[in-house]
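Handing you a structure now.
Any read-out appearing in this document is the output of simple, stated calculations on the displayed coordinates, not a laboratory observation. The model shown is predicted, which means the values in this text are computed figures rather than measured ones. All Cβ positions, even for glycine, are placed from backbone atoms using ideal geometry, and neighbour counts span all protein chains on display.
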Amino acid sequence: MTAPSKPVQGILWMLFTTINFVLVNAVVKYIGDTLPVLESAFLRFLLGLVFLIPALGAVRTATFTPRIWKLTFGRAIFHAIAMSTWFFAMTRIPMGEVTAINFMNPIYITIGAVVLFGERIALPRILALVIAFAGGLVILRPGFREIDPGHLAMILSAVAFAGSYLIAGALTRELPPAVVVFLMSVTVPIVLSPFALMHWQTPTLHQLVLLFCVAAFATLGHYSMIRAFACAPQTLVQPVVFVQLIWSMTLGFLLFGEPFDPFVMLGGAMIIGAISFITWREARGRRAEEAPVP
């Protein structure tokens, strides 16, 4: 039986996750366009390799087939596109909008699972997807304001992240999660390196320290997310992700003078609500499948 304190721990771990991911956004926003976007994305992964040392033991015992290498480099291409367009978006649009648009990531994963893997989708789930896309329209408000290239870049980033995570799902069925993370972190800078070198600008020590902080906060964020899901069901901790939007808009206002946009809050709430509903339905479906037959 789960201890009463576990759900509280799960919520606290997820709150810590949101803080780390917002700090990632804030540091990337602070760096801005002082370095070429592709170089920044390349250095973020290169400097983050130090955090992979604990995974070396699992990597040594893993078996790498040609299929695994194809999936790994396919994922690296998706992730490189996602990171590059995300860095670009951070230089163009407010932190709150970046965060809210990125909330669409699980929605694209759901659509990809249906289209690519033939997963069934019921009417309530379809309605949740419609609400999430409506939330995206509330954030963007096409026709009521100018759509910045940063908005388009962030949409592409969320779609590319979804592709990366779908491939990661296939890889985790054949490799331990630590090995999957290791392979991504090694192959993404390989994919980015030729593009980063084309417009290389020697970074300052200050910029290197900032990018190392990005890697550190991102690593802490992923670790605390795993701890959150280990402590409590996703149906409980998933809605906490909405707090990340509040952090983003608050820091954006305090640090960068970005206006507080109620439409972004409303759209983000619609997307998170839809994602939480989908997560709840999937969890209920799994419990029904695992229930003993009388």
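Within the chain, what is the longest stretch that has no trypsin sites (Lys or Arg not before Pro) placed in a DSSP loop and near at most 12 other beta-carbon atoms within 10 Å?
Longest run free of exposed loop sites: 174-294.
Just the number: Rg to Rh for segment 148-271, Cα atoms, Kirkwood Rh, two decimals. Intermediate values should be presented prior to the final figure.
Values: Rg = 17.6 Å, Rh = 17.8 Å.
Radius of gyration relative to Kirkwood radius: 0.99.
Once the Cα gyration tensor of segment 131-213 is found, what semi-axes does its equivalent ellipsoid get, as square roots of 5 times the eigenvalues, in whole Å, sorted largest first?
Semi-axes, largest first: 29, 24, 12 Å.
Right, next: Counting Lys and Arg as +1 and Asp and Glu as -1, each charge on the Cβ, what is the dipole of segment 108-235 about the Cα centre in debye, to the nearest 20?
260
What are the semi-axes of the equivalent ellipsoid of segment 7-97, taken as the square roots of 5 times the eigenvalues of the Cα gyration tensor, listed largest first and rounded to whole Å?
Working: eigenvalues 147, 93, 33 Å².
Calculated on Cα positions only, the semi-axes equal 27, 22, 13 Å.
Right, next: Please report, in debye to the nearest 20, how large the charge dipole of the chain is about its Cα centre when each Lys and Arg carries +1 at its beta carbon and each Asp and Glu carries -1 there.
Approximately 700 debye in magnitude.
If the viscosity is 1.002 mPa s and the temperature 20 °C, what Stokes-Einstein diffusion coefficient in µm²/s follows for the chain when Rh is the Kirkwood radius over Cα pairs?
Approximately 107 µm²/s, per Stokes-Einstein.
Given the options PHE42, PHE117, PHE260, state which has the largest fluctuation in a GNM of the chain using a 10 Å cut-off (strictly under) for Cα springs.
Largest GNM mean-square fluctuation: PHE117.
Just to be sure I understand the rule: take each whole DSSP H helix in the chain, project its Cα atoms onto its long axis, keep it if the span is 30 Å or more and its mean Kyte-Doolittle hydropathy is at least 0.0. Which ones pass?
Working: long enough: 5-31 (39 Å, 1.13); 66-90 (36 Å, 0.70); 149-171 (33 Å, 1.52); 177-198 (33 Å, 2.14); 205-231 (39 Å, 1.43); 262-290 (42 Å, 0.29).
Helices passing the filter in the chain: 5-31, 66-90, 149-171, 177-198, 205-231, 262-290.
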